[in-house]
Amino acid sequence: MRTKKIKAGLVGVLAICATVLGIGVAEARQPDPAVVKQQDQVTQKTLEQVRGALPKTAMAKDKQADVAACYSCHKDIKEFHVSSKHASVNCATCHTNFDEHVAKDGKAPIATRTDHAVCGTCHQPQYESFLSVNYESKARIEKATYKGRSPLFDKLMAPHGFTKEHTEPRSHIFMLLDQLLIDRSYGGRFQLNDWSMLADGKGAETQLWSALLKDADPSSSDQKVFMPQTATASNPVCLNCKTQDHILKWKYMGDPDPKAKWSRTSKVVDFVRDLKHPMNCYTCHDPHSTAPRVVRDALIEAVVDRGMGTYPQDKAKSGKVTMTKVTFRDGFRAIGVLNKPDSNLMCAQCHVEYNCNPGFDTKTGELSVTMADRRANHYFWSNVFDYKAAAEKISFKDFKHATTGALLSKIQHPEAETFWGSAHERNNVECKSCHMPKIKQDGKTYTSHFQRSPRYNVKDTCLKCHNDMNEQQAVYTIDSIQNYTRGKLAKAEYWLAQLIDTFPKARAAGVPDEAIKKAQAHHDQAHIYWEWWTAENSDGFHNPGAARESLTRSMDASQAGIKVLNDAIAALAKK
């Protein structure tokens, strides 16, 4: 069994090497048969060279762990492992240093592999597809350009750090790399050794620090500005959506603890230097039981601890799709085990609106919420129409607008909540249906982990249900919905900008504070109804009806705020 795993791993590495050397086309939608044929023709000499690229634990004939001995202490793991599809997978496959660990009665640390290759040795197609680069999703496309999703973003969001760089998403393999590079996070500290490395999916998985990145100041870990027009807005909670390399070193909710190496309050540069891999396999797949799960603590806290359920807008569905919180090490950490696979929840670990930063306490109006406060790791678990009330419930706002003085929210990527109540969600479509479809290869079917827009793969996604369409019609429909939404986004931005410009005029005219505060309340609501759709990455496709309703409400709120201020100015002019 061990030999079979090694051979499978070698085939995966060979496929990647074929791409780097120009032998094959790994970026294709699924492995090219010609590439597979060429892999079979690789010489023994090349095979030996590639063999060295695999992790040592995958290559060496390691002594197998005494599973019974492991079970004697790790009884909770035994319950997960013994009757699962992974029951025959020895503990030594994913853990190292177990001999010393056992010899010292558990006092010597055991190492846990967090790389993708450990899973890829068996799950080769899934592994290879995850490493694939979607060249249709370009790198570093700024949203705040005249051709972008949000041309007036910088004005509407001033002075928030996102105004330094706010980019469109791309392939998941680059999640961690892109977070390190973006201008708003580390002041320009981390830069690529070469721009061509932006397309190096394999490097992003295995050589983040050794080959791809350079650190402007390796001797320090202080957040500071190294390049003009950058910000230092990153923090440890933000990184929980990019990787779970730290899963065993982080207490539930990121609370500081002597047993936790990292917490919400850790120095983020030190923390990120300890991270290597983007979005680990075990984020969604329990390695012991193979059960579907979530590990993102704030999602578990919302669904289970606060009792909001898996689908807070649909109690009946929440009863059918359940999450059970399972704690380990006396509550030190927790996972959320799902009773059935549900990619809407698995993806909601990251594709969700959440708070991950310090901010303003709305009860005092002061910038007093620090990373020590659990509000700095909070899932609102609310749709756009209920969001304002959800933020008021915890008395939190992200920033104060530079011109209006209104306390505002910074919306993250709320794809999960946007999808609730849509036609697709009501018909039991899940994220994987469109973004990770089933693929047939060599007589076998597997779930593609090449997450991308269905627009680039309508045959395996849209047309599986919409069999009355052809590919051209499906793409035309997608584009039409997104074009319509972008139009409403532009109009909502226009009116928000008009509202913002009215504040200085009102203050110059001596408008009383009562009118200013009333207009600020309109600004807050208009902002939420607008920014939700600049942060959500489907341009309205995930829920066209909600997008239109929200964006038109934003226009109404902006116009109402303008009227409040203009009426107050007119009243003063009459005196």
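The values are calculated or read from the model by the stated rules, or taken from the named source; none is laboratory data. Predicted model only: the values in this text are computed from it and were never measured. All Cβ positions, even for glycine, are placed from backbone atoms using ideal geometry, and neighbour counts span all protein chains on display. Side chains included, ligands, DNA and RNA excluded: accessible areas come from the protein's heavy atoms. Shrake-Rupley method; radii C 1.70, N 1.55, O 1.52, S 1.80 Å.
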Per the helix-only calculation at 222 nm, which mean residue ellipticity applies to the chain, given -39500 (n - 2.57) for every DSSP H run of n ≥ 4 and division by its residues, nearest 500 deg cm²/dmol?
-> -11500 deg cm²/dmol
If we count every other residue with Cβ under 11 angstrom of residue 269's Cβ, Lys/Arg +1 and Asp/Glu -1, where does the sum land?
-> -1
Expected sort for 258-266, 553-561, 527-535, 333-341 on mean C-beta neighbours within 10 Å, highest first, is 527-535, 553-561, 333-341, 258-266
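Please calculate how many Å² of accessible area the stretch 67-112 carries per residue, with a 1.4 Å probe and no DNA, RNA or ligand atoms counted.
64 Å²
Quote the relative contact order of the chain in percent (integer), defining contacts as alpha-carbon pairs under 8 Å separated by 6+ residues.
11 percent
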Summarise the accessible area of the chain (1.4 Å probe, protein heavy atoms) by the percent that is carbon and sulfur.
-> 55 percent
Which ³J(HN,Hα) values in Hz, rounded to whole numbers, follow from the phi angles of the stretch 157-169 under the Karplus curve 6.51 cos²θ - 1.76 cosθ + 1.60, where θ = phi - 60° and Gly and Pro get x?
-> 10, 4, x, 4, x, 5, 6, 6, 6, 9, 9, 5, x
Per residue solvent-accessible surface (Å²) - the stretch 316-377, probe of 1.4 Å = 43 Å²
What is the distance in Å between the Cα centres of the stretch 525-574 and the stretch 365-404?
-> 19 Å
Counting sequence-distant residues (5 or more places) and residues on other chains, those with an amide H built under 5 Å from that of residue 398 are 360, 408, 409, 410
Normalising by the residue count of the stretch 67-112, find the relative contact order in percent from Cα pairs under 8 Å and 6+ residues apart.
-> 28 percent
About the Cα centre of the chain, how large is the charge dipole given +1 on each Lys and Arg Cβ and -1 on each Asp and Glu Cβ? Please answer in debye to the nearest 20.
-> 400 debye
Determine the per residue accessible area of the stretch 379-471 with all protein chains present and a 1.4 angstrom probe, expressed in square angstrom.
-> 46 Å²
Charge dipole (debye, nearest 20) of the stretch 67-112; +1 at Cβ of Lys and Arg, -1 at Cβ of Asp and Glu = 80 debye
In Hz, Karplus ³J(HN,Hα) per residue of the stretch 280-294 (6.51, -1.76, 1.60; θ = phi - 60°; x = Gly, Pro) | 5, 4, 6, 4, 10, 10, 5, x, 8, 9, 6, 6, x, 7, 10
Evaluate the charge dipole of the stretch 308-424 about its Cα centre and quote only its size in Debye, nearest 20, assuming +1 on the Cβ of each Lys and Arg and -1 on the Cβ of each Asp and Glu.
-> 280 debye
Please report, in cubic angstrom per residue, the volume enclosed by the convex hull of the alpha-carbon atoms of the stretch 67-112.
-> 70 Å³
Relative to the compact globular guide of 2.2 N^0.38 Å, what is the alpha carbon radius of gyration of the chain, as a ratio?
-> 1.03
Residue-ordered couplings for the stretch 94-105, obtained by feeding phi - 60° into the Karplus form 6.51 cos²θ - 1.76 cosθ + 1.60 and rounding to whole Hz (Gly and Pro as x), are 10, 10, 10, 6, 6, 4, 5, 4, 6, 4, 9, 6
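Can you give me the Kirkwood hydrodynamic radius for the stretch 479-575, using every pair of distinct Cα atoms, in Å to one decimal?
On the way: mean 1/r = 0.0719 Å⁻¹.
That comes to 13.9 Å for the stretch 479-575.
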